[in-house]
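A short write-up of the structure that comes next.
What follows is calculated from the coordinates using simple rules that are stated; it is not laboratory data. The model shown is predicted, which means the values in this text are computed figures rather than measured ones. Here Cβ is always computed from backbone atoms with ideal geometry, including for glycine, and neighbour counts include all displayed protein chains.
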Amino acid sequence: MSKTINIDGKEIPFEEGQTIIEAATEAGVYIPHLCHNPDYTPHGSCKLCTVKVNGRNCSACTFPAEEGQEILNNSKDLEQDRKRITQMLFVEGNHFCPSCEKTGNCQLQGVAYHLDMHDNHYPHFFANREMDASHPDILIDHNRCIFCNLCVRASQEKDDKNVFAISGRGINKRLIINSTSGKLKDSDISLNDCATHICPTGAILIKRTGYQVPIGERIYDKQKIDQVALAKEHK
Amino acid sequence: MQAYIQAQIDKYEAAPVRLLHILRAIQSEFQHIPPEAIEQVADSLNIPRTQIISVIEFYGFLSHDRQGKYQIFVSDSITDHMLGKQNLMIYFAQQLKVNIGELRADGLVSLNNTSCTGMCDQGPAGLINGYALPRLDRPKIDAICQLIEQQTSLEDWPTDFFEVADNIYRIDLLLKEQITPGDALKASYQRGLTETLTEVDISGLRGRGGAGFKTAMKWRFCSEEAETERYVVCNADEGEPGTFKDRVLLNSYAHQVFEGMTLCASIIGAQQGFIYLRGEYLHLYEKLNAILAERRQSGLLGENILNQGVNFDIEIRLGLGAYICGEESALIESLEGKRGIPRNRPPYPVSQGYLNKPTVVNNVETFMAAAKIAIQGGQWFADVGTKQSDGTKILSISGDCTKPGIYEYPFGTKISQILSDCDAKNVLGVQVGGPSGNFISNQEFDRVLGFEDLATGGSFIIFNQTRNILEVAKNFTHFFAHESCGFCTPCRVGTSLLQKQFDKIVDGHGSAGDIAALEELCQLVKNHSHCGLGQTAANPILSTLQRYPELYQQLLKKISYEPGFDLDASLETARRLTNRDDANAHLVQVEED
């Protein structure tokens with residue numbers, strides 16, 4: 001008899017050492033997330049995957065599953081809070097979906113639709129962020145960075161490099177590049193790196209590929225993010 | 001430059017865990033961290049340059065941009081404000097002919113604000129080249145300006161400028177008499193370490209940083225870990241505005257603190273300990289190092305302590321101006337030479353702390369109390385206090401009273417008693433536990449100190465009837481936004497949104513729905529943030545909203561909605577571009593019906 005946790009009334013088996021989100025994904029239960037990717041060390045920073053475990057808020061991507069946990073994932077309150085957290089990400093950076101070449105392939109946008117987000121709710125920060133177009137094949141648009149840390153982790157954990165890092169404090173947080181000039185062209189990133197392809201938003205883009213797939217035929221144009229995530233992340 | 005930097009790298013053994021010390025030295029020598037220094041340190045320590053850049057940008061006392069040869073910070077704590085800091089700061093800037101937040105053109109001096117420097121009982125206070133400057137007033141500022149213009153070296157400044165007083169007003173169990181160095185260890189070895197841990201358990205001692213975890217249980221958990229490389233860490237990063245008791249304990253009871261750490265090390269089997277000393281207490285650094293040396297000499301530290309076969313030593317690591325490093329897992333990250341970002345838990349530090357090894361992190365006061373308990377026995381301590389809160393608590397009292405300073409009280413003491421002892425009159429309310437704690441109004445002075453009622457790390461700020469409580473809440477709210485580490489969304493974005501939304505109301509731009517929006521935002525930040533900073537950042541607003549709703553209501557405009565930004569001001573750039581300033585180039589904020 002395997003151990004189980006209970007998510008929204010459903011008994012879900014888990015293996016020792018699994019996090020809540022891992023057990024949920026395997027059982028076909030979607031928990032919204034942005035900084036989590038099952039291929040990398042959990043980070044726990046976006047807080048979108050917050051679930052109530054025995055009445056306490058926990059990040060499903062970092063919190064270990066334990067026998068007997070009563071977990072609330074689909075509740076009105078949690079959905080509302082997740083929407084607000086997503087809106088925070090939208091006002092913090094500068095996100096203009098209609099003019100972004102990632103539209104339709106963007107997880108931030110996909111999650112926003114999933115959470116029924118129709119406006120930004122909060123006042124914009126209008127942060128002054130730069131673009132780094134120095135590299136011949138890869139573009140960084142800092143306006144769209146949500147600090148999920150996935151490029152940092154991908155470069156360290158999969159590419160065996162250290163191209164990206166997070167710097168700054170609080171609202172002045174920023175993504176930095178490991179090169180003497182601070183520019184991407186002087187770093188040792190390459191087109192085939194995992195870090196190049198991992199960005200959930202349009203912050204790291206491959207040049208000259210943006211419109212190969214027409215708008216309307218993109219990932220989240222065809223399927224909602226919960227289905228895409230479950231299909232892709234189920235091991 | 002290269003030679004100086006190399007000397008620092010060598011001094012700190014090119015250890016990445018001592019990166020903060022290396023950078024502190026470079027900043028102090030060159031008044032900033034030059035790009036060449038980043039490359040040199042990265043190469044020598046074999047760490048990515050991005051780790052160094054991220055550390056520079058995280059800590060308040062490091063900078064890419066050049067600071068003055070005389071680098072001045074003045075504390076922006078509410079207690080300093082109450083002592084006239086704001087006017088004094090303007091005066092300081094005028095006398096030095098420098099703008100606040102800037103470097104003077106000749107590079108001689110820079111003037112900045114900083115968070116609470118732990119001198120609330122002797123403010124307004126500042127720091128010059130890292131050293132505390134308490135009790136600032138106009139005559140002292142005049143003298144300081146003169147010394148700076150004459151480029152007098154700090155060593156030749158009047159020593160009383162740097163004198164920090166203890167101001168101890170009430171002593172009880174812990175402060176009554178100092179232990180004789182070695183006595184706690186001798187008593188423990190004689191009784192047996194297991195038995196001594198039992199005494200600590202009987203004493204009921206709980207963590208004095210505020211969270212109140214049982215000390216004996218923490219030590220036991222750590223000692224039961226399979227990994228035998230273990231560490232003891234003393235959290236001396238008291239950054240909570242209004243707290244300064246650890247400063248006094250380290251100034252006058254350091255032996256007892258070190259003895260408590262050594263006792264803990266003996267019990268859990270640790271060979272290395274650290275004191276994480278907040279950067280603002282640089283003035284204590286040499287003194288504490290001298291006491292550590294003295295203890296090594298007397299066989300109370302180092303190899304084979306008191307011939308009991310225990311090996312343990314203590315190293316002081318200095319912080320660099322980041323409130324979040326008081327959070328134990330952020331502190332551990334900082335000890336490792338990184339940005340102070342709180343870790344995900346579990347695992348907890350007792351199983352995976354410093355270098356991912358089992359680590360006990362306790363407050364200065366906790367170690368100090370444990371040392372005395374080791375001598376007196378647990379019951380001595382447990383006899384005092386309340387059911388859930390044994391013993392005494394050392395408070396840092398500041399604000400509107402005639403005798404600000406250190407007061408030790410048994411748990412269970414009423415707030416009214418404390419206010420009477422420190423001679424506070426016409427009190428409006430008290431902030432217990434600092435900005436992250438609770439505000440209580442003058443209707444609640446029957447409440448008592450203790451984990452079951454008012455838990456506190458020691459900060460106790462008194463406000464009299466002349467104070468504007470919303471100004472206080474504003475100061476605290478800005479403090480949290482400034483100190484948020486930025487790791488998680490709800491705190492990083494939320495504390496800045498709280499600041500905007502609160503200022504909108506207090507600055508008179510709020511309308512009907514704004515209070516509800518503020519409250520909703522408070523709940524979101526509180527419920528979803530990663531660590532204690534975010535979880536408590538909304539407390540100042542929530543507790544004043546609850547107690548003084550009418551104060552907020554009075555500030556609201558009688559219109560249904562006003563945007564959070566100034567429409568007319570937003571057109572300023574457009575007006576300049578088009579060279580217009582006629583009536584049609586302006587917008588009114590709200591169309592009248």
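To the nearest 10 degrees, how steeply does helix A:76-92 sit against the main Cα axis of chain A, on a 0 to 90 scale? Value to nearest ten degrees: 10. Backbone amide hydrogens, once placed in the peptide plane, bring A:Asn57 within less than 5 Å of nothing, excluding anything fewer than 5 places away on its chain.
Here's the picture: charge each Lys and Arg Cβ at +1 and each Asp and Glu Cβ at -1 in the protein assembly as shown, and of B:Met89, B:Asn468, B:Ser329 the one pushed furthest to the positive end of that dipole is B:Ser329. Cα centroids of the stretch B:464-510 and the stretch B:288-319: 44 Å apart.
Legend: ranking of residues B:Val55, A:Val29 from fewest to most surrounding C-beta atoms inside 10 Å; resulting order A:Val29, B:Val55.
Restriction of the trypsin sites (Lys or Arg not before Pro) in the stretch B:315-399 to DSSP coil positions whose beta-carbon has at most 13 other beta-carbons within 10 angstrom yields B:Lys387.
Distant-in-sequence amide contacts of B:Thr392, defined by a placed amide H-H separation under 5 Å and a gap of 5 or more residues or a different chain, comprise B:Phe411.
Of B:His21, B:His530, the sequence from fewest to most neighbouring Cβ atoms within 10 angstrom is B:His21, B:His530. Quick check on the stretch B:2-58: take the gyration tensor over C-alpha atoms, sort the square-rooted eigenvalues as a ≥ b ≥ c, and tell me if it's rounded (a/c under 1.5), prolate or oblate. Cα axes put the stretch B:2-58 in the rounded bin. Within the same chain, aspartates and glutamates fewer than 8 places from B:Lys214 are excluded, and of the rest, those with a Cα less than 16 Å from its Cα are B:Glu199, B:Asp201, B:Glu224, B:Glu328, B:Glu365, B:Asp390, B:Glu452.
Taken one residue at a time, the phi angles of the stretch B:567-578 give Karplus couplings (6.51, -1.76, 1.60, θ = phi - 60°) of 4, 5, 5, 5, 8, 4, 4, 4, 5, 5, 5, 9 Hz. Gly and Pro are set to x. If the segment from A:His234 to A:Asp188 were pulled out straight at 0.36 nm per residue, it would be longer than the present Cα-Cα gap by 13.4 nm.
How many angstrom lie between the C-alpha centres of the stretch B:93-134 and the stretch A:124-191? If you average the Cα positions of each part, the centres end up 34 Å apart. Of all lysines in the structure, those lying under 23 Å Cα to Cα from B:Lys97, and not within fewer than 8 positions of it along the same chain, are B:Lys69, B:Lys85, B:Lys140. The stretch between B:Asp566 and B:Glu163, if pulled fully straight at 0.36 nm per residue, gains 140.4 nm over its current Cα-Cα span. Considering only A:Ile215, A:Ile225, A:Ile189, the mean-square fluctuation computed in a Gaussian network model of chain A, springs between alpha carbons under 10 angstrom, is largest for A:Ile215.
As a length-normalised measure over Cα pairs under 8 Å and 6 or more apart, the relative contact order of chain B settles at 13 percent. What you get for the stretch B:70-158, charging only the Cβ of Lys and Arg (+1) and of Asp and Glu (-1), is a dipole of about 180 debye around the Cα centre. Ranking of A:Met88, B:Met82 by neighbouring Cβ atoms within 10 Å, starting from the fewest: B:Met82, A:Met88.
Rounded to the nearest 5, the antiparallel percentage of DSSP beta bridges internal to the protein assembly as shown is 60%. Applied to the stretch B:97-108, the Karplus parametrisation 6.51 cos²θ - 1.76 cosθ + 1.60 on θ = phi - 60° returns per-residue 3J(HN,Hα) values of 6, 9, 7, 4, x, 10, 9, 5, 3, 7, x, 6 Hz, with x for Gly and Pro.
Need one word for the protein assembly as shown: rounded, prolate or oblate. Basis is the Cα gyration tensor (sqrt eigenvalues a ≥ b ≥ c); a/c below 1.5 gives rounded, then a/b vs b/c decides. Rounded. Residue by residue, the stretch A:145-161 carries 3J(HN,Hα) couplings of 6, 10, 6, 6, 6, 5, 5, 4, 5, 4, 5, 6, 7, 10, 8, 6, 10 Hz when phi is fed to the Karplus relation 6.51 cos²θ - 1.76 cosθ + 1.60 (θ = phi - 60°); x denotes Gly or Pro. The alpha carbon centroids of the stretch B:1-58 and the stretch A:198-235 are separated by 41 Å. Between A:His121, A:His33, A:His142, the Gaussian network model of chain A with springs among Cα atoms under 10 angstrom shows the greatest mean-square fluctuation at A:His121. Computed from the Cα positions only, the extents of the stretch A:3-74 along the three principal axes stand at 26, 22, 18 Å, in decreasing order. Take the Cβ-Cβ distance between A:Thr209 and B:Glu36 as r, set R0 to 41 Å, and report the resulting FRET efficiency rounded to the nearest 0.05. Once the sixth-power term is evaluated, E becomes 0.60. Relative to the current alpha-carbon distance between B:Ser28 and B:His64, full extension at 0.36 nm per residue lengthens the span by 11.7 nm. Considering only A:Lys207, A:Lys161, A:Lys76, the Gaussian network model of chain A with Cα springs below 10 Å gives its largest mean-square fluctuation to A:Lys76. Taking amide H as placed 1.01 Å from N in the peptide plane, the amide H of B:Asn464 sits under 5 Å from that of B:Asp400, B:Leu428, each at least 5 places away or on another chain. When only the Cβ of Lys, Arg, Asp and Glu is charged (+1, +1, -1, -1), the dipole of the stretch A:150-225 relative to its Cα centre reaches about 320 debye. The label point for B:Gln553 and the one for B:Thr198, both projected 7 Å from the Cα toward the Cβ, are 6.1 nm apart. Among the listed pairs A:Lys224/B:Lys500; A:Lys47/A:Lys161; A:Lys207/B:Lys338; B:Lys414/B:Lys557; A:Lys52/B:Lys245; A:Lys83/A:Lys183, a Cα-Cα separation exceeding 29 Å is found for A:Lys224/B:Lys500; A:Lys207/B:Lys338; B:Lys414/B:Lys557; A:Lys52/B:Lys245; A:Lys83/A:Lys183. Shape summary of the stretch B:392-467, radius of gyration then Dmax from alpha carbon positions: 10.8, 32 Å. Using only alpha-carbon positions in chain B, the gyration tensor eigenvalues give semi-axes of 40, 30, 24 Å once each is multiplied by 5 and square-rooted (largest first). In this structure, B:Ser44 and B:Glu155 have a Cβ-Cβ separation that, at R0 = 45 Å, corresponds to a calculated FRET efficiency of about 0.90.
Cysteines in chain B lacking any other cysteine Cβ under 4.7 Å from their own Cβ: B:Cys116, B:Cys120, B:Cys145, B:Cys222, B:Cys234, B:Cys264, B:Cys325, B:Cys485, B:Cys488, B:Cys491, B:Cys522, B:Cys531. Beta bridges from DSSP with both residues in chain B: antiparallel share about 50 percent, rounded to the nearest 5. In terms of its alpha-carbon gyration tensor, chain A comes out prolate; a/c meets the 1.5 threshold, and the first ratio a/b outweighs b/c.
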